[in-house]
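Participant: Shown below is the structure under consideration.
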Amino acid sequence: MTHHRPARISPRAGALPAVAVVLLATAGCGSGAEAPAAGGEGRGGTLVVGATGKLPNPDTVIGGAGFEGKRLVSFQIYEGLTHYDLSGTDRPPAVTGALAESWKVAEDSRTWTFKLRKGVTFQDGTPFDADAVLFNLDRYLNKQSENYTDAIGAAAAEYAGSITTYRKLDADHVELVTKDPNGHFPEDLAHVLIASPTAVRKTGSKDFAKQPVGTGPFSFVSHTEGQQIELAANKSYWRGAPKLDRLIVKPLPDAAARTAALRSGGVNWIEYPNPDDIESLQRDGVRIATNSYDHIWYWILDTSKAPWNDPRVRKAANFAVNRQAIAEKLLRGTADPALQAAPRATFAYDPAGDAYGYDPAKAKALLAEAGVAGGFSTSVTVPTGGSGNLLPVPISEAIQRDLAAVGIKVELRTTDWSTLIGAEAKGQVALGSDAIAQSTTLFQSEALLPLFIGSKSPFWTGHYSNPKVDELLKSASAQPDQAKRQADYRQALSLVTADAPWLFVVNDRNPRALSPKVQGLVQPQSWFIDLTTVWVGKQ
């Protein structure tokens, strides 16, 4: 039987979850070796992670804590038909088979056949098969399904929303058809997480988050609201049991609190240590892991407002910022200067495309050419924190000083991260500023690219529009060949770099601090991470 979607979910219906996933996430050399699997092979222990943001909703795709919540919780409990190969440190991760062993696309570039992996069971013992795939797609896409909810439908829309029909060919094969050709469909499906049908039926969709069940490397144990989520190793995991016994994730949004918790032993791993604490932590034996990944910290400028509507002014601002000082002195080497739109650790990055060095004289000349030699006043809304946002207020203060030196006077307006992205999802700017500061991903999920640089994005992106960029994004998206997609993306991002709708600042290097007891980490060039290789010793 072929399953048809009863109704197409509108772009705006899926906008907030997409924004939340990317912007709450919460870049070039591969330095994953900074956290080697020292001490030989080991096994066991409890890993306790101090996260920078809130805990996610553990119901499959709902999340709500960005890519940090996805990497530490959702991707540990669940899998999709595909997943990222996070075993390397020297290149952006490729997408490979997970619950599907292999796939092929028909000549129409819309009809995909997936061969499912045999012998996989959910953590509750339910066998994984084609019926389980259809059950989950019904839950996400079929409004007539008893397991569908508006919340889960909206959350699934960005990655599964292009699917028009889906059917079981046999117990080990499913066919999925997309509305339009979609070359990055296998990547999208890494985010379409598969839950146990038995568990969903037992609890009902609305209560499934209280006892979630997937096929991933860790099984759900408990969730203490606002305090921690505890998971246990899935001993029957198809890739082999994780080395850890337990995984506990605690929300510690305050950087000082994270550092204190690491020093006291309350946690043995923290995401994004305060750069100022790194040297003293290292003296205490803490290991710091970094690597480039798909990240950019930037300001979105309102290109519909004068003088930001003049590309010469936007370029002037980019030449005025001393990114090297921000990366090396303020962020203590935990970030690299962002000199173009494409993040460094992406296949679309062009080493020859770096455009904006520190040149205040050139900035002043461009301002004079644009008729604002005397400078001007503007404003920016800055989040006080949030996953992937590094040190948003201090970074913005440094930018404020650099821009003032060429005559651009900036008023900083701070707000919390949820308020900023909530307004952005409605096409607005929190506090009514002329720009917003944020961090994001561009290529870890290609489906999200049009939301950031496309003309018809459902959320606020500074009113940026370039028909040639739209054309290249459409051409790339339809192309299954990654090399051809890369060529189109590079050209599109070079246009964005030249148009300068953003103030490009830094690419994060994803620092995390580990107790000496934590071993086995492989730090990939990714927002995500494979925790199956990690263990905690007794030393």
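The values are calculated or read from the model by the stated rules, or taken from the named source; none is laboratory data. Just so it is clear, the structure is predicted and the values come from calculations on it, not from any experiment. Quick reminder, even Gly has a Cβ in these numbers, built from the backbone with ideal geometry, and neighbours come from all protein chains shown. Ligands, DNA and RNA are excluded from the accessible area calculation, which covers all protein heavy atoms including side chains. Shrake-Rupley method; radii C 1.70, N 1.55, O 1.52, S 1.80 Å.
Participant: From the list Val105, Val120, which one is β-branched (Val, Ile, Thr) and out of contact with any strand residue (DSSP E or B) (no Cβ under 6 Å at 6 or more places or on another chain)? Working first, answer last.
Facilitator: On the way: Val105 fails: out of contact with any strand residue (DSSP E or B) (no Cβ under 6 Å at 6 or more places or on another chain).
None of the others qualify; the one that does is Val120.
Participant: I want to confirm something. Restricting to segment 123-157 and keeping residues that are open to solvent by 50 Å² or more (accessible area, probe 1.4 Å) and within 25 Å of the chain's Cα centre (by Cα), which single residue is farthest from Lys235 (Cα to Cα)?
Facilitator: Only one residue fits best here, namely Asp150.
Participant: Continuing with the same structure: Every residue in segment 377-389 that is open to solvent by less than 20 Å² (accessible area, probe 1.4 Å) and either of a type in the set (A, V, I, L, M, F, W, C) or not in a loop (DSSP other than H, G, I, E, B) (or both), please.
Facilitator: The answer is Thr378, Ser379, Val380, Thr381, Val382, Pro383.
Participant: So which helices (runs of 4 or more DSSP H) are wholly in segment 244-321 and hold at least 2 residues that are of a type in the set (A, V, I, L, M, F, W, C), surrounded by fewer than 23 Cβ atoms within 10 Å (Cβ to Cβ) and touching a strand residue (DSSP E or B) at 6+ places or on another chain (Cβ under 9 Å)? Give the steps one after another, and end with the answer.
Facilitator: Details: elements: 255-264, 278-283, 311-320.
In segment 244-321, the matching helices (runs of 4 or more DSSP H) lie at 255-264, 278-283.
Participant: Something else: Can you run down the residue pairs with Cβ atoms below 7 Å, 6 or more apart or on separate chains, where the first is in segment 334-345 and of a type in the set (Lys, Arg) and the partner is open to solvent by 10 Å² or more (accessible area, probe 1.4 Å) and at pLDDT 95 or above?
Facilitator: Correct list of pairs: Arg344/Asp336.
Participant: For segment 322-333, which positions are outside any helix (DSSP H, G or I) and either modelled with pLDDT of 95 or more or surrounded by 24 or more Cβ atoms within 10 Å (Cβ to Cβ) (or both)? Explain how you work it out, then say what you get.
Facilitator: Of the residues in segment 322-333, the ones outside any helix (DSSP H, G or I) are 322, 331-333.
Answer for segment 322-333, where residues must be outside any helix (DSSP H, G or I) and either modelled with pLDDT of 95 or more or surrounded by 24 or more Cβ atoms within 10 Å (Cβ to Cβ) (or both): Asn322, Leu331.
Participant: Hey, does segment 217-237 have a residue that's in contact with a Leu (Cβ under 7 Å, 6 or more places away or on another chain), modelled with pLDDT of 95 or more and surrounded by fewer than 18 Cβ atoms within 10 Å (Cβ to Cβ)?
Facilitator: Yes: one or more hits.
Conditions tested, residue by residue: (1) modelled with pLDDT of 95 or more; (2) open to solvent by less than 50 Å² (accessible area, probe 1.4 Å); (3) within 26 Å of the chain's Cα centre (by Cα); (4) of a type in the set (Gly, Ala, Ser).
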position	(1), (2), (3), (4)
His173	yes, no, no, no
Gly183	no, yes, yes, yes
Leu189	yes, yes, yes, no
Ser196	yes, yes, yes, yes
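Participant: Can you tell me which residue among Ser465, Ser445, Ser433, Ser439 is open to solvent by less than 10 Å² (accessible area, probe 1.4 Å), farther than 30 Å from Arg91 by Cα and of a type in the set (Gly, Ala, Ser)? Steps first, please.
Facilitator: Numbers: Ser465 fails: open to solvent by less than 10 Å² (accessible area, probe 1.4 Å); Ser445 fails: farther than 30 Å from Arg91 by Cα; Ser439 fails: farther than 30 Å from Arg91 by Cα.
Going through Ser465, Ser445, Ser433, Ser439 in turn, the sole match is Ser433.
Participant: For the subset of segment 468-485 comprising residues that are among the hydrophobic types (A, V, I, L, M, F, W, C) and open to solvent by 30 Å² or more (accessible area, probe 1.4 Å), which member is nearest to Ser304 (Cα to Cα)?
Facilitator: Start the filter on segment 468-485 by keeping residues that are among the hydrophobic types (A, V, I, L, M, F, W, C), which leaves 469, 472-473, 476, 478, 483.
Now drop any that are not open to solvent by 30 Å² or more (accessible area, probe 1.4 Å), which leaves 478, 483.
Numbers: Ala478: 30, Ala483: 34 Å.
Going through the qualifying residues, I end up with Ala478.
Participant: Further question on the same structure: Please go through segment 390-412 and give me each residue that is outside any helix (DSSP H, G or I) and surrounded by fewer than 16 Cβ atoms within 10 Å (Cβ to Cβ), ordered by number. Give the derivation first.
Facilitator: First, the residues of segment 390-412 that are outside any helix (DSSP H, G or I): 390-391, 405-412.
If the condition is that a residue be outside any helix (DSSP H, G or I) and surrounded by fewer than 16 Cβ atoms within 10 Å (Cβ to Cβ), then Ala405, Lys409, Glu411 are the ones that fit.
Participant: If Phe208 meets every condition in (1) crowded, with 23+ Cβ neighbours inside 10 Å; (2) within 23 Å of the chain's Cα centre (by Cα) apart from one, which number is that one?
Facilitator: (2)
Participant: Follow-up. Among the residues of segment 492-503, is any farther than 27 Å from Glu271 by Cα, aliphatic (A, V, I, L, M) and open to solvent by 20 Å² or more (accessible area, probe 1.4 Å)?
Facilitator: Of segment 492-503, the ones farther than 27 Å from Glu271 by Cα are 492-501.
With the extra rule that they be aliphatic (A, V, I, L, M), the set shrinks to 492-493, 495-496, 498, 500.
Narrowing the set further to residues that are open to solvent by 20 Å² or more (accessible area, probe 1.4 Å) leaves 495, 498.
Yes, there is a match, as at least one residue in segment 492-503 is farther than 27 Å from Glu271 by Cα, aliphatic (A, V, I, L, M) and open to solvent by 20 Å² or more (accessible area, probe 1.4 Å).
Participant: Report yes if Tyr349 is out of contact with any helix residue (DSSP H, G or I) (no Cβ under 6 Å at 6 or more places or on another chain), among the hydroxyl-bearing types (Ser, Thr, Tyr), part of a loop (DSSP other than H, G, I, E, B) and open to solvent by 60 Å² or more (accessible area, probe 1.4 Å), otherwise no. Give the steps one after another, and end with the answer.
Facilitator: Values: out of contact with any helix residue (DSSP H, G or I) (no Cβ under 6 Å at 6 or more places or on another chain): yes; among the hydroxyl-bearing types (Ser, Thr, Tyr): yes; part of a loop (DSSP other than H, G, I, E, B): yes; open to solvent by 60 Å² or more (accessible area, probe 1.4 Å): no.
No.
Participant: Sort out which residues of segment 361-376 are part of a helix (DSSP H, G or I) and either buried (at least 16 other Cβ atoms within 10 Å of the Cβ) or among the small types (Gly, Ala, Ser) (or both), and write them in order of number.
Facilitator: Our first condition is that a residue be part of a helix (DSSP H, G or I); within segment 361-376, this holds for 361-369.
Scanning segment 361-376 gives Ala361, Lys362, Ala363, Lys364, Ala365, Leu366, Leu367, Ala368.
Participant: Could you check segment 504-519 and list, in sequence order, the residues that are surrounded by fewer than 24 Cβ atoms within 10 Å (Cβ to Cβ) and in contact with a helix residue (DSSP H, G or I) (Cβ under 8 Å, 6 or more places away or on another chain)?
Facilitator: Ser515
Participant: I'm told Asn466 meets every condition in (1) closer than 24 Å to Ser379 by Cβ; (2) at pLDDT 90 or above; (3) among the polar types (S, T, N, Q) except one. Can you identify the failing condition by its number?
Facilitator: Condition not satisfied by Asn466: (1).
Participant: So which residues in segment 45-70 are among the polar types (S, T, N, Q), surrounded by 23 or more Cβ atoms within 10 Å (Cβ to Cβ) and under 24 Å from Ala256 (Cα atoms)? Don't jump to the end; show me each part of the working.
Facilitator: The initial filter retains those residues of segment 45-70 that are among the polar types (S, T, N, Q), namely 46, 52, 57, 60.
In the following step, the residues that additionally are surrounded by 23 or more Cβ atoms within 10 Å (Cβ to Cβ) were identified as 52, 60.
Matches in segment 45-70: Thr52 only.
Participant: To continue, here is another question. Looking at Gly32 and the list (1) touching a strand residue (DSSP E or B) at 6+ places or on another chain (Cβ under 9 Å); (2) under 24 Å from Leu442 (Cβ atoms); (3) at pLDDT 85 or above, which single condition is not satisfied?
Facilitator: For Gly32, the exception is condition (3).
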